[in-house]
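Novice: Here it is: the structure, laid out below.
The values are calculated or read from the model by the stated rules, or taken from the named source; none is laboratory data. Just so it is clear, the structure is predicted and the values come from calculations on it, not from any experiment. For neighbour counting, all protein chains shown are included, and Cβ atoms are generated from backbone atoms with ideal geometry for every residue, glycine included.
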Amino acid sequence: MAISVVMPALEMAQETGKLISWLKKEGDSVAKGEMLLEIETDKAVMEIESPGDGILAAISAQPGAEVPVGQTIAWIVGPGEAPPTESAPTQSGRRSDAVKEAPAQAEATPVASSPAQNVRTSPKARRLAKEKGVDLSKVHGSGPGGEILADDILAAATATTQSPAPSGAGGMILGPVAKLMASRTTQSWTTVPHFFVTREVDASNLKASRERLLASVEAHGVKLTVTDILVSRVGQTLARHPRVNASWAGDTIQLNSGVHVALAMAVDDGVVTAVILDADKLDLGGIAVQRRDLAERARAGRLRPSDITGGTFTISNLGMFNVDSFSAIITPPQAAILAVGCIADRVVPVNGQPAVRPMMTLTLSSDHRVLDGAGAAKFMNDLVTALQEA
């Protein structure tokens, strides 16, 4: 039975993907799970696996093409089997596996045309335009054939609220990661009721633990960092505070079954969040290896779909940039994010006397729909205790 290879949706609100390259040629034999093609999303270039065993046939999209999510771009067929002659767009691209059996295909969501101009406009973009009062006739679409996408509406809405640049000032064209970050942080800040809890941590034992454990972790071929210990202690604390590890699901609170800690990582054009799965169960060596591998792929723009999905809580550490403290914006639908400042010597009271200690400031941003102040404070108390006893 022929299996369709479709353009997947790897991110919320994604409507198209750009085909970067085929890693196999038409007529090549492929195995399920073998890397088949590379696509570019708003976050990074990602490798997509083959959906099954067989022969790659009927490639219909070439490198550089912007393809609607769910559209069939090739088929995997058996020996002597002919691919289907027609391939209607499917909704299967909205799953991370990017595949669906050919007989189970369904029509894609229709795309309407703007009444003011003969330009295709996605349903989500039309809804956003109505909500934000954006004139579709004045929007330049960035999708295939000039199609107006949701991000185009958000960009237009943001532009109308900003003052014009001074005469002679140059503009900055944002790349796809920066555009996505701007869109999502705006949506989070304006729709999620944030509140903040801040604690200072005596990092003496944290630093000592890192020095003590360096050798054992280096056996894994990686250097242990403060971030690795943070991920471990945060994961273990989240396991005892399921409400902090929860998600907002429209009008209900979803308690997540796993503790999957996302790390905010700076890349050339913005920030991506890569996920360490089951952070509460991994040892420090396992966390350090995952963190290093994710960071290397993020810098190279080669994160895989599984690297950026499924996070239940995020850590944003700016300590390496000598930032004392800051407040981070929540990544929906997660309930909270932890902002971590640098470790710096400060004079603090110890047993009623002034003393110099290496101190670190933690700030928890929480979604008040999921978590109240007492719950956030209890989580921070337990986390601080875990770090000070590290």
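Novice: Out of segment 335-390, which residues are under 26 Å from the mean Cα position of the chain (by Cα) and either of a type in the set (Gly, Ala, Ser) or not assigned by TED's automatic domain parsing to the domain that holds residue 207 (or both)?
Specialist: Within segment 335-390, 335, 336, 339, 341, 365, 366, 375, 376 meet the criteria.
Novice: Then there's this: In segment 42-70, how many residues are surrounded by fewer than 20 Cβ atoms within 10 Å (Cβ to Cβ), within 27 Å of the chain's Cα centre (by Cα) and in a loop (DSSP other than H, G, I, E, B)?
Specialist: Going through segment 42-70 one residue at a time, the tally reaches 5.
Novice: Could you check, for segment 257-269, whether at least one of its residues is among the polar types (S, T, N, Q), at pLDDT 95 or above and farther than 27 Å from residue 321 by Cα?
Specialist: Looking through segment 257-269, none of the residues is among the polar types (S, T, N, Q), at pLDDT 95 or above and farther than 27 Å from residue 321 by Cα.
Novice: Does segment 290-313 hold any residues that are outside any loop (DSSP other than H, G, I, E, B), among the hydrophobic types (A, V, I, L, M, F, W, C) and modelled with pLDDT under 95, and which are they?
Specialist: Across segment 290-313, the qualifying residues are 294, 295, 298, 300, 308.
Novice: Something else now. Going by what's in this entry, would residue 328 be described as crowded, with 19+ Cβ neighbours inside 10 Å and of a type in the set (A, V, I, L, M, F, W, C)?
Specialist: yes
Novice: Considering segment 125-143 alone, what residues qualify as being of a type in the set (Gly, Ala, Ser), exposed (fewer than 11 other Cβ atoms within 10 Å of the Cβ) and part of a helix (DSSP H, G or I)?
Specialist: Within segment 125-143, 137 is the sole residue that qualifies.
Novice: How many residues does segment 195-242 hold that are touching an Asp or Glu at 6+ places or on another chain (Cβ under 9 Å) and outside any helix (DSSP H, G or I)?
Specialist: Counting residues in segment 195-242 that are touching an Asp or Glu at 6+ places or on another chain (Cβ under 9 Å) and outside any helix (DSSP H, G or I) gives 4.
Novice: Follow-up. For segment 267-317, give me the residue count where each residue is of a type in the set (D, E, K, R) and touching a strand residue (DSSP E or B) at 6+ places or on another chain (Cβ under 7 Å).
Specialist: 5
For every residue, the table says whether it meets (1) at pLDDT below 95; (2) in contact with a Pro (Cβ under 8 Å, 6 or more places away or on another chain); (3) more than 28 Å from residue 271 (Cβ to Cβ).
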site: 325; (1), (2), (3): no, no, no
site: 335; (1), (2), (3): no, no, no
site: 354; (1), (2), (3): no, no, yes
site: 364; (1), (2), (3): no, no, no
site: 368; (1), (2), (3): no, yes, no
site: 375; (1), (2), (3): no, no, no
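Novice: Name the residues in segment 302-334 that are more than 11 Å from the chain's Cα centre (by Cα) and acidic (Asp, Glu), would you?
Specialist: Selection gives 324 alone.
Novice: Return the total of residues in segment 359-374 being touching a residue at least 12 places away in the same chain (Cβ under 8 Å) and surrounded by fewer than 18 Cβ atoms within 10 Å (Cβ to Cβ).
Specialist: 3
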